[in-house]
Amino acid sequence: VISVSLQEKRKNRYTIQLSNGDIFGISRDILFSNPIHVDDILDCPTIGRLIGLENLQKVRDSALTLISYRMRSKKEIGFRLRKKGFAVTQIASTIKELEKKGLIDDEKFGLYFARDNVRRSLLGPIALKHRLKYHFSSFEMIEKICDNIYQEFPIESLIKKIIKKQSLNDLKNNSIIKKRLIGQLKRKGYFWSDIEPILQYYTK
């Protein structure tokens, strides 16, 4: 090692210059936990280990940036980190580390995400499950989240809220309006078996 210098534009990074002409950069955290001094001899395995630690730190920093904006699922974080070109093994170890620290919690995120979608859009179970599939590969997790959410927001009450936005008199007397409402309820993800009895009650 012929020099260890702080980078001018990035104050949390250092440049390591070797006598063979090779140059590489590492973060302050990596350097402090793995001290390097002028005249130290770094063999290839040591350099490889340092670069591996540096790459892992980059994965960790990117993951922390993602979750600093909002809660995210493991699946979404993994997808976004892979798009950045990070190694799958480093992504997996980073997610596991953040999960142990409680910074990533799939069930907590899933309930937050589902609650927000149902509250804002009055989504039914079909549509909600479709959206949850983007964040979860586990069918059991999706079912568990939906079961909890529709105990908190009963399907019957959600359908009634949507129906009551219409003129009940028009619903009774105008088949076109009724047909449009049925289409809307289906698009929002409700089963006909849930829609039919409530609709009959309001249009009888």
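Determine whether I198 is touching a Lys or Arg at 6+ places or on another chain (Cβ under 9 Å) and in contact (Cβ under 8 Å) with a residue 24 or more places away in the chain.
Working: touching a Lys or Arg at 6+ places or on another chain (Cβ under 9 Å): yes; in contact (Cβ under 8 Å) with a residue 24 or more places away in the chain: yes.
So I198 fits the description; yes.
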Per the list (1) surrounded by 16 or more Cβ atoms within 10 Å (Cβ to Cβ); (2) free of Cβ contacts under 8 Å to residues at least 60 places away in the same chain; (3) under 30 Å from P154 (Cβ atoms), residue check on I30 breaks on (3)
Going through the range 130-189 in order, the residues found to be under 18 Å from the mean Cα position of the chain (by Cα) and not in a helix (DSSP H, G or I) are K133, Y134, H135, F136, S137, S138
Say whether the condition of being assigned by TED's automatic domain parsing to the domain that holds I26, without any contact (Cβ under 8 Å) to a residue 40 or more places away in the chain and among the polar types (S, T, N, Q) is met by at least one residue in the range 70-83.
no
Can you find a residue in the range 86-96 that is loosely packed, with under 15 Cβ neighbours inside 10 Å and closer than 26 Å to L128 by Cβ?
no
Name the single residue that is modelled with the lowest pLDDT among those in the range 57-72 being surrounded by 15 or more Cβ atoms within 10 Å (Cβ to Cβ) and under 16 Å from N12 (Cβ atoms).
Q57
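The values are calculated or read from the model by the stated rules, or taken from the named source; none is laboratory data. This structure is a prediction, so every number in the text was calculated from the model and none was measured. Ideal geometry is used to build each Cβ from the backbone, glycine not excepted, and the neighbour counts take in all protein chains shown.
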